[in-house]
Each structure stands twice: as structure tokens, then as C-alpha cells.
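Input: a single structure, listed below in C-alpha cells.
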Amino acid sequence: MTLYIKNMVCDRCKMVIADLFKKTEITIKNIELGEVETLNELTPEQLQLIEKGLQTVGFELLDDKRKQIVQRIKTIIIEIVQNQSKILQKVNPSVYIAENIGRDYKYLTTLFSEVEGTTIEQFFIHQKIEKVKELLVYDEYTLSQIADMMFYSSVQHLSMQFKKITGLTPSHFKELKANKRISINQL
């Protein structure tokens with residue numbers, strides 16, 4: 001049985017989910033970002049137990065097919081951005097998303113906008129800016145290196161997008177070094 005889980009966006013999330021299933025004595029066959037495959041079908045009681053457990057640690061069981069697709073889109077985008085994926089050098093993100101979901105990109109953009117109230121492109125940009133913030137706070141790379149890592153065409157393009165989203169220039173943000181970052185699952 002495959003369960004789809006909202007807000008499952010990193011390896012730590014997978015560990016938390018695996019621990020929850022272990023505590024409820026449900027055997028996991030496979031666990032990926034956004035989904036868990038159990039060895040056996042779950043009873044309604046087990047599903048209810050899992051749902052309550054997930055809610056206590058900030059996750060949500062998705063039963064709506066549309067929301068499941070949207071969550072898969074988000075997971076793909078987060079993986080691309082967090083891993084500064086070389087995929088972006090080879091393939092347009094829209095093509096990559098459509099191929100991974102197995103649906104037409106136009107359908108996916110319409111669905112995403114209806115469910116989330118924002119576009120895939122805006123979600124992608126916000127994810128990239130959050131990663132840029134993280135890299136700026138760590139102070140290990142120059143803005144030029146960050147622009148290259150995040151596949152921006154130029155430092156100016158990154159700076160314009162950063163200012164549009166945050167209201168600050170990257171250098172001003174770096175100076176502040178305040179808690180301006182937002183959790184991935186709150187975007």
C-alpha cells in the first residue's frame with residue numbers, strides 16, 4: 001500500500017516517518033520523499049493511527065489525487081534546488097517535472113495553480129531564493145559562485161530576483177544575517 005505524505009521534504013523527514021511507522025509496528029517496504037510504501041495493506045485503525053502520528057510531527061496524509069500530484073511536483077522542485085542539481089544544465093525544469101510525473105506540463109501547471117494558489121515557476125523561484133539565503137548565511141561562497149551554483153544566467157539576474165522576493169539586496173541580507181529564512185514546508 002502506498003501512502004502519500006505532505007511536508008516530507010528531506011532525509012530527516014524520512015527518518016522521522018520511518019520511526020513513526022516502526023513505533024506503530026507497520027513494516028515499510030520503501031520510503032521516498034513524499035511517499036511510503038508499506039509491506040501490507042493497512043486497516044482503517046492503522047491508517048487513523050498513522051494519520052494522528054503524522055499530524056503530531058507536522059506531516060499530513062494525502063488522500064486527494066490532485067494534492068498527491070502537487071506534492072510530487074513540490075518534492076521534485078525541492079530536490080532539484082537543495083541538491084543544486086545538474087539536471088538544470090541538461091533539461092528545462094518543466095520538461096524534467098513533466099517526465100517525472102508522467103503528465104503534460106500544461107495540465108500540471110493548471111493543477112498546481114488551482115491547488116496552491118501560485119504557479120510552479122513562482123514556487124521554484126521561492127525555493128531557489130531560500131537556498132540562496134542559506135548559502136549567503138553560511139558565508140562560504142561569493143555571490144558570483146552562488147549564482148553559478150543555482151544556475152542563474154548572471155549575478156544581476158540573481159540579485160534582481162532576490163530583491164523582488166525578499167525586498168533586500170543579497171549583500172544587505174548577508175549583512176543582516178538575521179533569521180530571514182523560511183522553512184521549506186512553509187513556502
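Here are a few things to note about the model shown:
- In the complete set of protein chains, residue-level accessible area for ASP104 is approximately 100 Å², probe 1.4 angstrom.
- Distance between segment 1-70 and segment 87-110 - C-alpha centres, whole angstrom: 25 Å
- Computed with a 1.4 Å probe over protein heavy atoms only, the accessible surface of the chain comes to 58 Å² per residue.
- Rounded to the nearest 20 debye, the dipole magnitude of segment 50-96 is 220 debye, with +1 charges on Lys and Arg beta carbons, -1 on Asp and Glu beta carbons, and the Cα centre as origin.
- Furthest towards positive pole of dipole, PRO93, LEU33, GLY167, structure part the chain, Cβ charges: GLY167
- Protein heavy-atom surface of segment 16-65, 1.4 angstrom probe: 48% of the accessible area is carbon and sulfur, with nucleic acids and ligands not counted.
- Looking at segment 107-145, the GluC sites (Glu not before Pro) that sit in a DSSP loop and have at most 11 other Cβ atoms within 10 Å of their own Cβ are GLU140.
- In segment 1-99, the trypsin sites (Lys or Arg not before Pro) that fall in loop regions by DSSP, at most 12 other Cβ within 10 Å: LYS86
- Estimated dipole of the chain in Debye, rounded to 20 [Cβ of Lys and Arg +1, of Asp and Glu -1, Cα centre]: 540 debye
- For segment 47-127, the pair-distance distribution built from all alpha carbon pairs, in bins 10 Å wide starting at 0, is 17, 46, 27, 10, 0 percent.
- The GNM of the chain, with springs linking C-alpha atoms under 10 angstrom apart, assigns the highest mean-square fluctuation among LEU39, LEU135, LEU108 to LEU39.
- Relative contact order of the chain: 17 percent, from C-alpha pairs under 8 Å at least 6 residues apart in sequence.
The values are calculated or read from the model by the stated rules, or taken from the named source; none is laboratory data. Please read all numbers here as calculations on a predicted model, not as lab measurements. Every residue, glycine among them, receives a Cβ derived from its backbone with ideal geometry; neighbour counts consider all protein chains shown. Each accessible area value is taken on the protein alone, full model and side chains, heavy atoms only, with ligands, DNA and RNA left out. Shrake-Rupley method; radii C 1.70, N 1.55, O 1.52, S 1.80 Å.
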